[in-house]
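Beneath this line is the structure, given in C-alpha cells, with notes to follow.
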Amino acid sequence: MSEVDPATELSSSLSPQVDGAAIPYPSLALDPDGQGLVGKLERVFDGLVSHLNPILIKEARQSLKSRQFLITFFLLLTASVGWTVIGIVTYSPDIYYLPSGMDLMSGYYLVLSMAMFVFIPLVAFRSLAAELDEGTYEMLAITRLSAWRIVSGKMNSACLQMLIYFSAIFPCLAFCYLLRGIGLSTIMLTMVLVLVTSLVLTSFGLVLSTIAKGRTLQTFLLVGLVALVVFTEFMMSLFIMEEVFSERWSGTFLGYFLPILVALSFVVLFLSAAASRIAPVTENRSTRLRAIMLVQQVLWIVTIVYAAWATEEIEFITLGMMMLTVYWFFVGILVCGEARELSPRVLREWPSTYATRMLLSWWMPGPGTGFMFCLSTAMAGMITLAAMGLLAWSSNVTLGNSGTSPIYLILLNSGYLFGYLGLVRLISMPMLKRWGPTFVPPIIVGVLLLFLGVVGPSVVDVVLAGRVSGTYNPLHASNWFWTWEKTFNSQGLRPIEVSLMVFIVGTFILAVNLILLFREFKFQRVAVPDRVTEDKREQRLAEAGTASADESESVS
Amino acid sequence: MNSPLRTPWQGPMIELQQLTKVFGDTRAVNNVSFMVPRGSVFGYIGPNGAGKTTSMRILSTLELPTSGDAFIEGLSSVNDPDRVRRRLGFMPDAFGTYSDTNCAEYLDFFARSNGLVGRERTRRLRWVMDFTGLRSMSEKPINGLSKGMRQRLCLGRALIHDPSTLILDEPAAGLDPRARIDLRQIIRTLAADGKTILISSHILSELAEMCDRVGIIERGTLLANDTVAGLKGKSKPHQDLIVLIDGDPTAAMQVLSEIPTVANLEHRGQAIHFQTGVGADRRIEILHRLCDARVRVLEYRPVDESLEDLFLKVTTGQVQ
Ligand SMILES: Nc1ncnc2c1ncn2[C@@H]1O[C@H](COP(=O)(O)OP(=O)(O)O)[C@@H](O)[C@H]1O
Ligand SMILES: [Mg+2]
C-alpha cells in the first residue's frame, strides 16, 4: 500500500511534540511485536481477541475501572467469607465431625442468587437502556455491528460477570462439599438452576430495555423488572431450599435436560426479540423470530411427550396443549402490532411464484402473515400433541383417570385461540390503522377480552339468577379459566359439547378475519436495485482480495 | 483499501431526493433535493431548527424519512442502511461518551466495531491519532477532555474506518478560534484526500472558505444551492463595483458614462463607484474599455457584501 498521507504535514502542526521527540503511541495502537515464544503467544492471543464481540471487550475494560462493579464483587466476597466464618464459629467444634455443608450452602446460595438474579439483570437492563437513552447507541448503530451483535455483546458481558461471581463463590462451594451433608449433584443442580434463571432474567431485562423509550417508561419498566427479579429470587429460593436441598429429587437426565433446554430457548428468543427491536425498521425483523418460535414449539412438544411417557400421566398432554394456546395467544397479540406496510427492502425477498408464496409468505413480516403463522403453527403443535395423546389413549397404558380426550382438547384450545386472537385483531385493527404499528392497543384489548371472557358469564348469572352459579355450565364457555380447570378434572370437561361450541364460534371469528386478511396479499416482489447487486459483487471481490492478501502476508 | 478491481462509483456521492420528514405538525425537512459530487465539500447552512440535523440523520440511517430518499454512493439510506454505514463517517452535533473509558480505548472500540482487525486496526488507530492530534491525549479519560478535543475525538471516530463520505453536524459550534482554524485545516486536508464532505453550520462565514458549494435551508426548505461566489452574484441584479485609478478620474468617468450597462456612476477622490447589470464574465469588458482609453487602473473589484447580510437576505426570502 503506497499511501502518501496528506495528513503527515497537518498532524505535525496539530500534535504537540515533547522536545521534538514524538509522543509514543498507546499500547492499544501497537502491533504485538514480542520475540520468541512469548511474542508468538501474544500475537495468537491478539488474533483470538479480535474475534470477540467488541462490546464485550469494551465493557470488560470499563468494568475493571468501574467502582460499581468492584463494590459488588467485594460485597459478594465479603458476604461469602463472612458466612463461612460465622458457620465455622457457630458449629465449632462439632464442624469436624457433623455434616454441616447444607447450612453453609444455603447461605452461599442466597449470596450468589442475589448477585445473579437481581444485580446482573438490572445492570444489563441499565446498560442497554443507557446506551439507547444517551445517544451512544446511535454511534454503535452506524458501525458494522449488527443489532444482534450489539445485543449479544451486552449478553456476553453479563455472562462474563456471572463467570466472575461463580469463580468467587467456587472455593466456598468446594468447602461446602468437603464438610459433607450435601451431595455433589445437589450442588451442581443448584448452580445450573441459578445460571439458567439468571440467563433468562438477563435476556428478558435486555428486551425490556429496548422497549424503554423515554424516562418515564424506563422508570416504570425498571420497577417492573425489579419486582420480577425479587419475585424470582423468592420463588427460586423457596424451590431450591425445599425441593433441591431436601435431596429427595430423582428422575432421568432427560427429565432435567429438556426443561432446561426449553428455558434456554427463551434466552435465544428474548435476545433475538431485543435485536429486532433495535434493528433498522426497514429490515426483515420477523422471520428469525418466527423460526426460533417454531423451534421452541418443537422443544416443548418433545418435553411434554417425554414427560407424559416417563410419568405415564396424560395430564401432561392437556397441560402442554394449554400452554401452547397461551404461548401463541401472547405471540399473536404482539404480532398484531407489526407494521402493515413493508419496506422495499423486505419486498426484495418476497416470494415471487405462486408455490413459494403459499409456502413462504407466512414467514414474511406483517401482522396478517404473522397471524396465519401463529395459528397454523399452533394447530400443527396441537395436532402432534393430540396424536401422541391418542396413541397413549388407545394403547391403553394405565393412564387411569382419563380426563378429557385429546380430540376435544384440540377443539377447545384451537377454538379459544381462533376466537380470542381473532377478536383482538378485529378490535385493534382500526386503532392500529390510526396510530401506526404499536403493541399497546392489541395488548390492552387482549387483556380486556380475557377479563371479560371470565367475568361476562358471571354477570349474566347474576342478572338471571341473582347469584354466581357454583356449577359449571355451557354459559361459562367463554370463561377460559374455569373451562381449562375442568379439563384437568378426572371426569374431564362436562358437558363435552362446550368444546365444540367454542370451536364453532372461534372458527366463525377466524373466517371474518380471513376475509380481511386477503387484502394483505397485494404485495409484489421488488427488484434488487442494480447498484446493490453491483455493491454485493464488489464486496465479495474485496473480501476475496483481503483473504488472499492475508494469505500472502502469512506466507511471507 | 482500494483494490484495482473496484471501479469507483461515478454518480453523486451524496444525494437527497425530495426528502421530507414530518414530526407531528412540524415539517422538519420539506422536499429537499441536492447532490454532492465526489471529493467536494458541501456547506449546509441554516438557522437553528432549520432541519439540518434531521436531514443529516436521515442520510446517516438514524432516522427514516416521511417520504423521499437519501443516497450515499447511490445506495439508499432507507433500504440499505448496512451498506451505507460502511461508507459513511457521521459526526453528530452532540455525542454521548462512555464513562471509565480513555481516548485510545474509545477509538479501539470503534475500530473493532467497524470490523478492523490485526495490523489494519493498529495502523488505522495510529493514523487517526496522528491526524486528529490526539496522540498525547490517548490515555486521558474522555470525560476530562476539552470541547475542542472531544470534537476531534468524535471526528477520529468517524474517520476510523476510512469512509468515503463524511457528514459533520455543526463541528465548529462552541469551539475557540484556534480550534476552529485547526478544524478548517483538517477539513481541507480531508477534502484534498478525496473525501466527500457534507458539513453544517448556522454561520455562513464559518464555512464560506472551505466549501465548494453551499445550500441554504430554512424551516425545512432549501432556499439556495450554489457556490459562495454564485450566491453573492445572484443576490443582487446589480453588482456594485469600485475602480481605483491613478491620476485624474474625469477621463475614466467619461469612458464609463459611455457604456450603456453602467449606472449610478459617481466618484469620491480617485475611487469610482458604479453599478452594472452584466454578469461577472462580462465585467472584464468594462475593464478592457478603461485600459483601451489608457486609464491607469490600480484596482478593479466588486464591493463585497458581507456574508451575514447575504445570509439574512436569502433566509428572509429576498432571493429565490
Ligand atoms: N425527534 C423530534 N421530534 C419532534 N420534532 C423534532 C425532532 N427532531 C427535530 N424536530 C424539529 O424539527 C425541526 C428541525 O430540527 P433540526 O433538524 O434539529 O434543526 P437544525 O439542526 O437545523 O437546528 C425543529 O423544529 C425541531 O424542533
Ligand atoms: Mg442541528
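Rolling a 1.4 Å probe across the protein heavy atoms gives region A:311-550 an accessible surface of 51 Å² per residue. Quick one: with all protein chains in place, what share of the accessible area of region B:236-304 is carbon or sulfur, to the nearest percent (1.4 Å probe)? The C+S portion of the solvent-accessible surface of region B:236-304 is 50 percent. The figure for B:Met129 is an accessible area of roughly 0 square angstrom, using a 1.4 Å probe on the protein chains alone. Taken residue by residue and averaged, Cβ atoms of other chains lying within 10 Å of the Cβ of A:58-67 number 4. In chain A, Cα pairs under 8 Å separated by at least six residues give a relative contact order of 12 percent. Relative contact order of region B:14-232, taken over Cα pairs closer than 8 Å and 6 or more residues apart, is 31 percent. Given the -39500 (n - 2.57) contribution per DSSP H run of 4+ residues, what per-residue ellipticity at 222 nm results for chain A, rounded to the nearest 500 deg cm²/dmol? Value at 222 nm, helices only: -24500 deg cm²/dmol.
Region B:148-196 and region B:72-122 have Cα centres spaced 15 Å apart. In the complete set of protein chains, residue-level accessible area for B:His161 is approximately 20 Å², probe 1.4 angstrom.
In Å², nearest 100, what accessible area do chains B and A bury in total when the solvent probe is 1.4 Å?
Interface area, both chains combined: 5800 Å², rounded to the nearest 100.
With every protein chain in place and a 1.4 angstrom probe, the accessible-area ranking of B:Tyr106, B:Tyr300, largest first, reads B:Tyr300, B:Tyr106.
Can you flag which of A:Lys65/B:Lys147; A:Lys536/B:Lys21; A:Lys65/A:Lys154; A:Lys58/B:Lys147 are past 27 Å Cα-Cα? Check vs 27 Å cut-off fails for A:Lys536/B:Lys21. For the segment B:273-286, counting C-beta atoms of other chains within 10 Å of every residue's C-beta and taking the mean gives 0. For the protein assembly as shown, the Cα-based Rg and Dmax, in that order, read 35.5, 127 Å.
Listed by chain and number, the lysines placed with their C-alpha closer than 18 angstrom to that of A:Lys433 are A:Lys522; residues fewer than eight positions away on the same chain are left out.
Residues A:Met188, A:Met501, sorted by accessible area with the largest first, give A:Met188, A:Met501 [1.4 Å probe; ligands and nucleic acids excluded].
A straight Cα-to-Cα reach below 20 Å connects B:Lys140 with the aspartates and glutamates A:Glu59, B:Asp100, B:Glu105, B:Asp108, B:Asp130, residues fewer than 8 places away in its own chain not being considered. Bridging of B:Lys313 to lysines at a Cα separation below 20 Å is possible for B:Lys52, B:Lys232, B:Lys234, B:Lys236, once same-chain residues fewer than 8 apart are set aside. Take each residue in B:128-139, count the other chain C-beta atoms within 10 Å of its C-beta, and the mean is 6.
Could you state how much accessible area A:Thr318 has, in square angstrom rounded to the nearest 10, with a 1.4 Å probe and all protein chains kept in place? For A:Thr318, solvent-accessible area is about 10 Å². To put it simply, the accessible area of chain A at a 1.4 Å probe is 71 percent carbon and sulfur. The C-alpha atoms of chain A define a longest principal axis, and helix A:67-91 lies at about 70 degrees to it.
Residues in region A:52-248 average 45 Å² of solvent-accessible surface per residue, probe 1.4 Å, ligands and nucleic acids excluded.
Computed packing ranks the peptides A:323-331, A:349-357 as A:323-331, A:349-357, most packed first, by mean other Cβ atoms within 10 Å.
Quick check on chain B: helices-only [θ] at 222 nm, where DSSP H runs of length 4 and up contribute -39,500 (n - 2.57) each and the sum goes over total residues. Nearest 500, please.
My calculation for chain B gives -10000 deg cm²/dmol from helical runs alone.
The values are calculated or read from the model by the stated rules, or taken from the named source; none is laboratory data. In this text the structure is predicted, and so the values were computed from the model without any measurement. All Cβ positions, even for glycine, are placed from backbone atoms using ideal geometry, and neighbour counts span all protein chains on display. Only protein heavy atoms, including side chains, enter the accessible area calculation; ligands, DNA and RNA are left aside. Shrake-Rupley method; radii C 1.70, N 1.55, O 1.52, S 1.80 Å.
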